[in-house]
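Engineer: Have a look at this one before I ask anything.
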Amino acid sequence: MAHWFHRNPLKATAPVSFNFYGVAGSPSANKICNDLRTNRARLLEMFTDVTCNPEIMKNATDAYFSLLQGFITALDGTTQENKMRFIQNFRWTDTLQGNTPSAQQDAVFELVSMAFNVALWYTKFASRLAGKENVTEAEAKDVHRSLKVAAGIFKTLKEVHIPRLITPAEKGRDLEPRAMDAYIIQCQAEAQEVTIARAIELKHNATLIAALAFETANFYQKADHTLNTLEPECSGKWRKYFELKQHFYMAYAYCYNGQTLLASDKCGEAIRSLQEAEKCYSRAEALCKEYRQTKGPGSTAKPSEQLFFLKLGGLIKNTLEKCQRENGFIYFHKVPAEAPDLELKASYGLAEPIAFELPPLSEQCTPEVYATFDLTKGAKNDKAKPKEAEVKPVKEPDLKPQKDTGCVIS
């Protein structure tokens with residue numbers, strides 16, 4: 001199911017050499033610097049390598065972060081800041097702000113920016129896997145897990161690591177609370193979409209499907225509201241995606257709620273619920289067009305072209321016609337003027353973020369080696385500093401659409 005999920009672009013960054021001439025005062029210290037440069041470059045390559053999988057990504061991430069922590073964690077037995085934390089300048093773009101980078105001379109800024117990209121990679125991996133022609137059960141689990149892993153990374157960054165920054169994130173940048181919350185909620189909502197598709201495929205109880213769809217619609221509404229104070233030119237397209245998904249899953253909730261009401265011999269209420277499903281579905285169709293026409297960062301999803309989307313329209317129509325026939329022959333119930341309140345709470349299937357933990361500190365980063373870094377012996381001639389490298393946008397691989405079988409996550 002290619003083009004079902006909206007994806008913002010990866011963050012871009014300037015190359016970092018970690019060449020601390022004079023400061024790294026031992027072969028072991030120099031090796032740490034060389035390995036940081038090599039592992040950083042390799043991790044950046046993995047973001048655009050279509051053969052990369054979660055295992056490869058985790059290994060590449062751990063290799064870099066285990067060394068980078070040697071510039072963040074105090075290694076001299078004190079509670080003071082690591083003396084190496086502020087030695088290197090890092091420059092990163094933002095997913096919503098084009099190619100203008102932010103810069104901070106802080107290893108924590110590098111940690112959160114790189115980890116943010118790792119989380120984005122997991123969402124893009126999930127999207128690519130869900131876009132395959134025939135998704136197996138194992139692949140569906142990988143999609144589901146990848147989205148929860150991404151949610152866990154975003155959540156841990158927001159709660160644990162971003163507050164450690166000396167310079168707070170500017171408004172509209174990736175690391176500020178509104179953007180972080182939107183990413184967390186989006187990942188959870190999309191993981192629940194996997195659960196809903198699975199529940200429909202296995203013909204689970206209509207009440208459970210309605211409740212899951214209702215909770216997912218609420219997630220998308222919350223994500224949309226989270227961004228309502230951001231500038232429309234950078235968040236408008238993203239918000240349209242949230243809005244169309246909210247109405248789509250409200251249509252699902254009302255549709256399956258109607259099936260539940262019919263099974264309980266409440267035919268009039270069932271008809272009204274399905275009429276509301278029709279309204280939500282029509283609004284979702286209109287929002288799909290608005291979303292495609294809205295300019296902004298990120299890849300354009302095409303949900304209205306997917307069988308998963310189209311099947312719901314047919315299901316609502318057929319179920320409503322059935323209810324109307326039954327009401328004309330058997331029940332003769334009055335159809336309420338107001339749509340039923342959906343007081344639905346899902347007991348199962350809600351997606352919780354998978355906790356993100358940094359890898360252990362590299363064995364290379366010992367107090368003895370740390371002591372050989374001498375900040376008093378850094379380059380004294382400012383003219384000798386190299387010119388800052390340009391931050392080039394990340395060229396991401398194209399997501400080629402495959403034949404849509406309608407089995408998103410069967």
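The values are calculated or read from the model by the stated rules, or taken from the named source; none is laboratory data. Computed from a predicted model, the values in this text were never measured in an experiment. With ideal geometry, Cβ positions are generated from the backbone for all residues, glycine too; neighbour counts draw on all protein chains shown. Areas reflect the complete protein model, heavy atoms only, side chains present, ligands, DNA and RNA absent. Shrake-Rupley method; radii C 1.70, N 1.55, O 1.52, S 1.80 Å.
Engineer: Just to check your reading of the model, which residue among F248, F242 is under 30 Å from G268 (Cα atoms) and open to solvent by less than 30 Å² (accessible area, probe 1.4 Å)?
Structural biologist: None of the others qualify; the one that does is F248.
Engineer: Looking at the stretch 73-80, is at least one residue within 23 Å of the chain's Cα centre (by Cα), closer than 20 Å to K158 by Cα and not acidic (D, E)?
Structural biologist: No, the stretch 73-80 has no match at all.
Engineer: List the helices (runs of 4 or more DSSP H) that sit entirely inside the stretch 158-268 and contain at least 1 residues that are within 30 Å of Q80 (Cα to Cα) and modelled with pLDDT of 95 or more.
Structural biologist: Filter on the stretch 158-268 gives 177-201.
Engineer: Continuing with this model, one more query. Can T216 be described as among the hydroxyl-bearing types (S, T, Y) and more than 21 Å from L320 (Cβ to Cβ)?
Structural biologist: Criteria met by T216.
Engineer: Separate question: Kindly evaluate A199 against the criterion of being closer than 21 Å to A217 by Cβ and surrounded by 15 or more Cβ atoms within 10 Å (Cβ to Cβ).
Structural biologist: yes
Engineer: OK, next. Select from the stretch 45-69 the residues that are open to solvent by 50 Å² or more (accessible area, probe 1.4 Å) and closer than 23 Å to H161 by Cα and write down the one among them that is nearest to the chain's Cα centre (by Cα).
Structural biologist: Residue satisfying both the conditions and the ranking: K58.
Engineer: Separate question: Might you check whether a residue that is hydrophobic (A, V, I, L, M, F, W, C) and touching an Asp or Glu at 6+ places or on another chain (Cβ under 8 Å) occurs anywhere in the stretch 140-148?
Structural biologist: yes
Engineer: State the number of residues belonging to the stretch 187-196 that are open to solvent by 10 Å² or more (accessible area, probe 1.4 Å) and under 10 Å from the mean Cα position of the chain (by Cα).
Structural biologist: The qualifying residues number 1.
Engineer: Could you please give the count of residues in the stretch 74-109 that are open to solvent by less than 40 Å² (accessible area, probe 1.4 Å) and free of Cβ contacts under 8 Å to residues at least 24 places away in the same chain?
Structural biologist: Matching residues across the stretch 74-109 total 2.
Engineer: Looking at C365, C407, C323, can you tell me which residue is surrounded by 14 or more Cβ atoms within 10 Å (Cβ to Cβ) and modelled with pLDDT under 70?
Structural biologist: Answer to the selection: C407.
Engineer: Then there is this: Being within 19 Å of the chain's Cα centre (by Cα) and either touching a residue at least 60 places away in the same chain (Cβ under 8 Å) or surrounded by 20 or more Cβ atoms within 10 Å (Cβ to Cβ) (or both) is the requirement here; does A211 meet it?
Structural biologist: no
Engineer: Okay, moving on. Across the stretch 290-306, what is the total count of residues that are open to solvent by 60 Å² or more (accessible area, probe 1.4 Å) and either among the hydrophobic types (A, V, I, L, M, F, W, C) or not in a helix (DSSP H, G or I) (or both)?
Structural biologist: 2
Engineer: Can you tell which of E343, E326, E278 is over 24 Å from the mean Cα position of the chain (by Cα) and either without any contact (Cβ under 8 Å) to a residue 24 or more places away in the chain or part of a loop (DSSP other than H, G, I, E, B) (or both)?
Structural biologist: Checking each option against the conditions leaves just E343.
Engineer: So A182 clears everything in (1) more than 20 Å from L120 (Cβ to Cβ); (2) buried (at least 24 other Cβ atoms within 10 Å of the Cβ) except one condition, right? Which one?
Structural biologist: Exception for A182: condition (1).
Engineer: Hey, another quick one. Which of the following residues is at pLDDT 75 or above and exposed (fewer than 14 other Cβ atoms within 10 Å of the Cβ): E357, E396?
Structural biologist: On inspection, the qualifying residue turns out to be E357.
Engineer: So which residues in the stretch 18-33 are without any contact (Cβ under 8 Å) to a residue 60 or more places away in the chain and closer than 18 Å to F90 by Cβ?
Structural biologist: N19, C33
Engineer: Which of the residues belonging to the stretch 286-309 are more than 19 Å from E190 (Cα to Cα) and free of Cβ contacts under 8 Å to residues at least 60 places away in the same chain?
Structural biologist: Passing the criteria: A286, K289, E290, R292, Q293, T294.
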